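For reference, the structure discussed in these notes is given below.
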Amino acid sequence: MFADVVSLYREAQRPVFDAGWFRYSGVASASLRAVIARCDDLDDTFGHFEDAPEWTGDLVEFCWLVGDNEHGRFYATVAELVARSQALSQGRRPQNFYLVENDYCAGEDNPPEQLNHAYDLCELIQLLGSISLTVDLNATTQPKELIFVIPAGDKAPPRTLSLTTRLESSVLAKERLDLEPLRRLVSDESTHSLHVQELRALFRLAVADMVGRAPASENAFTFLATHWPDVLEKYGFDVDCYISNFSFEKIRLEIAQMELDFSSRLSAVMGDSAAKFLALPLPIAVLAAIYKVHGIAEAYLLFISSLMIVMLFSGMIHNQLLQLARIDHGFEVIVDQFSKKTNSYPTSIAERLVEARMGFSKQRSFLFRTLWALRVVAWLPIIAGLALLAWKYHPGFRVWVGF
């Protein structure tokens, strides 16, 4: 087991490791004797003694040749691990390795900070592979090739970018990467979240934009990792714009729906009374009947009938005016909710709100004037009827007015 090889190196008091081997000459403690015995039985894939250990009493001398394969490797530093490990560039954490400088074996607690940075880069490759358009699945020993696309602009065609996930040790000196936004996007919980596909597309666009800006002489993945905060900043800005546009579009629809709703209500005020307006000519017809009849009783009966019709008609119009006032109040309450946020709206929405208010005001004013005009016209036959009765059946009135 590789752990026995690491124990052999540690029990040998961590001698100089050079070119794949280490040598020890000194006192053999009980624990060292035990680990030498275990390592002597290991398969050669984990390494082997160059020659059988030489014992002189309690002293021992040996040279161990460390294996260099997936079963176990020694690396002098984290930088060497990053430079030589194929697994990291494929987005996989390497197993069975030992860092000489840090005295750290894979799987132990408290890994060195630079190793945590390397693990962040490894996870970044995994996460980017989850949102990229295509991944080269045939690459088992080489870095991955992730494909991102920059959409066409006003004067530029679309660009397809290939990102090779080759790690470089130079990026380890940077701060650790904030991968939480990308983790949330690719997590299983977000699969059925609202607009998750749109958000992933925005993140792809932010990554593609940064990869597209990488100098030809620089490793694009290193450039991306170095400028990762800029990627998150662009993504956050794009998300804000997307949410704002989505919210503003919803506001536009709400304003349009409000216009249709209140326009329909104003039309209904007139439509509900349209059939009743047909009764308006009746008082005029009664005037002709009063003029033709010869009995005062019949004339007054006709006049009272006409008066009742006009009172009912006037009451109906009064009710319509009250309903119009309630509609006007309701419109103002709803519009005020939008108006309070006018400063945060784009110009197009603010202008649309002004147009909605003006359109409602015009329709309301026209309906208000129409109802009042009908109400006045309805009472004109009553006034004329009174004058006709006085002229026809009350001679004193004619003398008083000079007829």
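In terms of surrounding Cβ atoms within a 10 Å radius of their Cβ, Asp261, Asp240 rank from fewest to most as Asp240, Asp261.
Exposure proxy check: Ile290, Ile296, Ile383 ranked by fewest other beta carbons within 10 Å?
On the way: Ile290 21, Ile296 12, Ile383 9.
Going from sparsest to densest Cβ surroundings: Ile383, Ile296, Ile290.
If neighbour count is taken as other Cβ atoms inside 10 Å, put Ile382, Ile125 in order from fewest to most.
Numbers: Ile382 19, Ile125 23.
Placing the least packed residue first, the sequence is Ile382, Ile125.
Quick note: the coordinates plus some simple rules give every number you see, no bench work behind them. Just so you know, these numbers come straight off a predicted model, no measurement behind them. Note that each Cβ is placed from the backbone with ideal geometry, even for glycine, and that neighbours are counted across all protein chains shown.
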